[in-house]
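To start, the structure itself, in structure tokens.
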Amino acid sequence: MAKEWERQEGESGRAFRAFTRYRDLGPGRSLNAAYTASREAREELRAPGTWYEWSAKFRWVERAAAWDAFLDGERLQARAKRERELEQRRFEFELKNQERLERRVEKMEAVLDKADAAPITDVWRDECREAEDGTATKFKTRVKGISYSGYARLVKETNATAKQAITGVRDTDSEGEDAPAAPAAAAGEFVWVKPEGEPGGEA
């Protein structure tokens, strides 16, 4: 059985071609506009009586509406397919970045572990090195103290990266410029306050 917008039983070739002109004009269609398009005229022409007869006999209005609904359905399906493809790509991107973030957190924690073992201030370490001839040479080695500001920045960045690795890479906060400022410190949150006369630190 032919669909509404296809050629119907008893519909002549001329009548169907006239219908397709009318059908393809879209929701703002009219018989006069369709006839004008068929004649390729610059000024709108009045459709002949034959067109009005065909329109009534073969239900052009209802069939054109069915065509519009079909096109809308096609567009919705195409849009849904595109959205599914984008969601799949987004998921793959998030999975890839999730693994990257986890590796980054591990590296940051390794650096923090080394920093924890560093002295608070610069110190001199006495060392002794023995040569092959048995003579010993004593010397001092300077061990640079930890940089408080650099340590604090790394801790803050590690916390932020770890949070993103846990909650995902999508930004769910959506904070705009007009969003209220966050509290200075929440429970358990690291907040760095630079001390006066920071020993061994960097400017």
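Taking amide hydrogens as placed 1.01 Å from N in the peptide plane, the amide H of Ala47 sits under 5 Å from those of Asn32, each at least 5 positions away in sequence or on another chain.
Residue exposure proxy: Met108, Met1, ordered by other Cβ atoms within 10 angstrom of their Cβ from fewest to most, comes out as Met1, Met108.
So which GluC sites (Glu not before Pro) in the range 9-76 end up in coil per DSSP with only 15 or fewer other C-beta atoms within 10 Å?
Numbers: sites: Glu9, Glu11, Glu40, Glu43, Glu44, Glu53, Glu62, Glu74; in loops: Glu9, Glu11, Glu40, Glu43, Glu44.
When the GluC sites (Glu not before Pro) of the range 9-76 are filtered for loop state and at most 15 Cβ neighbours within 10 Å, Glu9, Glu40, Glu43, Glu44 remain.
Laboratory data are not the source of any read-out in this text; all were calculated from the coordinates shown. Computed from a prediction, not measured in an experiment: that's the story for all the values here. For neighbour counting, all protein chains shown are included, and Cβ atoms are generated from backbone atoms with ideal geometry for every residue, glycine included.
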